[in-house]
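Engineer: Just dropping this structure here.
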Amino acid sequence: MKNSTLLGGILVAIGAASYGMLTTFVKLAETYGYNMYEITLTEYVIGTPALFLADYFYRRKNPAQNSVKPAPGTIRNLMLTGVSMGATTFIYYLSVQYISVSIAIVLLMQSVWIGVLIDALINKIKPDLLKIVAVFVVLGGTILATNLLKSEIVLDWRGIILGFMAAISYSITIFATNRVGLELSTTSRSKYMALGALILVCIITFPFLVDNFNPDVLYTWGIFFGVFGAFLPPLLLNFGMPKVNLGVGAIITSIELPVAVALAYIILKEEVNLTQILGVVLILIAVIVMNLREIHSS
């Protein structure tokens with residue numbers, strides 16, 4: 001059991017870290033002449049067929065899974081969840097056109113308190129004092145991490161709005177993922193979600209790429225984003241999460257934040273000061289505090 005839990009934690013950490021590094025490499029790919037429309041499209045063009053293949057081989061090795069036939073309504077709902085996932089990817093990548101990677105990831109982490117709000121509105125679950133405190137800690141950490149206290153800092157309002165929209169979409173994705181098609185295998189759920197995301201991304205990016213698409217992106221950056229964006233993270237997170245406590249899993253996934261900030265600092269040479277680091281630490285503490293009850297109740 002301990003080995004299984006450890007393996008689950010490692011898989012969740014790798015999946016979250018993969019998500020965390022994506023925007024840094026989006027900016028890096030742009031320095032090679034590729035745009036975010038090409039990057040987003042190729043991520044799902046490559047990642048989605050890979051998930052279908054993974055599901056095919058998984059079902060061959062596990063014939064019992066063939067007895068579980070997804071209902072049309074389940075497939076539809078998984079694809080709609082994938083639409084939200086695709087929207088998160090596109091909006092998040094778009095936000096870093098206007099703001100730094102380190103600020104974009106902090107805005108994405110607003111999903112921590114947005115998730116609490118969604119739970120309260122839809123499931124009528126009133127947040128306890130621990131969660132309320134954690135929400136205010138997240139907001140305080142956000143103020144520090146985005147340098148809002150420094151009067152000379154001017155943030156592009158387009159990036160702020162897009163970053164916050166990505167957080168809302170991400171929260172919806174997480175909420176739906178934990179409720180839709182749970183009777184299916186991880187690979188089956190992931191492939192239908194990726195298909196929904198691919199359809200949305202194709203619709204959004206087509207007007208921008210119809211006369212301006214560089215096919216070289218498919219075998220250069222496309223493979224990287226397909227593997228570490230659309231393929232690997234959903235599989236690792238869906239395989240790993242059931243092996244660990246829900247609260248522990250939520251804490252482990254927050255590794256996405258320091259990974260994104262660290263890579264932006266190391267690779268992109270983005271300025272990250274002590275105030276921002278303190279803000280990041282506060283957000284991580286809030287995630288831990290918010291999930292303490294889940295850990296103790298296991």
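The values are calculated or read from the model by the stated rules, or taken from the named source; none is laboratory data. Source: prediction; values computed, not measured. Heads up, the Cβs are rebuilt from the backbone with ideal geometry, glycines too, and the neighbour counts pull from every protein chain shown.
Engineer: Would you mention how many residues in the range 1-47 are of a type outside the set (G, A, S) and assigned to a loop (DSSP other than H, G, I, E, B)? Steps first, answer last, please.
Structural biologist: Of the residues in the range 1-47, the ones of a type outside the set (G, A, S) are 1-3, 5-7, 10-12, 14, 19, 21-28, 30-32, 34-46.
Filter once more, keeping what is assigned to a loop (DSSP other than H, G, I, E, B): 1, 31-32, 34-35.
The total comes to 5.
Engineer: What about V287, is it more than 19 Å from T31 (Cβ to Cβ), touching a residue at least 60 places away in the same chain (Cβ under 8 Å) and not in a helix (DSSP H, G or I)?
Structural biologist: Answer is no for this residue.
Engineer: Can I ask one more? Within the range 218-260, track down each residue that is crowded, with 18+ Cβ neighbours inside 10 Å, modelled with pLDDT of 90 or more and more than 20 Å from M193 (Cα to Cα).
Structural biologist: W221, V259, A260
Engineer: Write out, first by first residue and then by second, each pair whose Cβ atoms fall under 7 Å of each other, whose residues are 6+ apart or on separate chains, and whose first residue, in the range 75-104, is farther than 17 Å from N35 by Cβ and buried (at least 24 other Cβ atoms within 10 Å of the Cβ) while the second is modelled with pLDDT of 95 or more and of a type in the set (K, R).
Structural biologist: Nothing qualifies.
Engineer: Find all pairs meeting these conditions: Cβ atoms under 6 angstrom apart; at least six residues apart or on different chains; first residue within the range 131-156 and acidic (D, E) and modelled with pLDDT under 85; second residue assigned to a loop (DSSP other than H, G, I, E, B) and surrounded by 15 or more Cβ atoms within 10 Å (Cβ to Cβ).
Structural biologist: Listed by first residue and then by second, the contacts come to nothing, as the list is empty.
Engineer: Answer yes or no: is there a residue in the range 113-131 that is surrounded by 24 or more Cβ atoms within 10 Å (Cβ to Cβ) and either assigned to a loop (DSSP other than H, G, I, E, B) or in contact with a Ser or Thr (Cβ under 9 Å, 6 or more places away or on another chain) (or both).
Structural biologist: No: zero hits.
Engineer: Looking at V201, V217, can you tell me which residue is touching an Asp or Glu at 6+ places or on another chain (Cβ under 7 Å), assigned to a helix (DSSP H, G or I), farther than 21 Å from G8 by Cα and not polar (S, T, N, Q)?
Structural biologist: On the way: V201 fails: touching an Asp or Glu at 6+ places or on another chain (Cβ under 7 Å).
Result: V217 is the single residue among V201, V217 that is touching an Asp or Glu at 6+ places or on another chain (Cβ under 7 Å), assigned to a helix (DSSP H, G or I), farther than 21 Å from G8 by Cα and not polar (S, T, N, Q).
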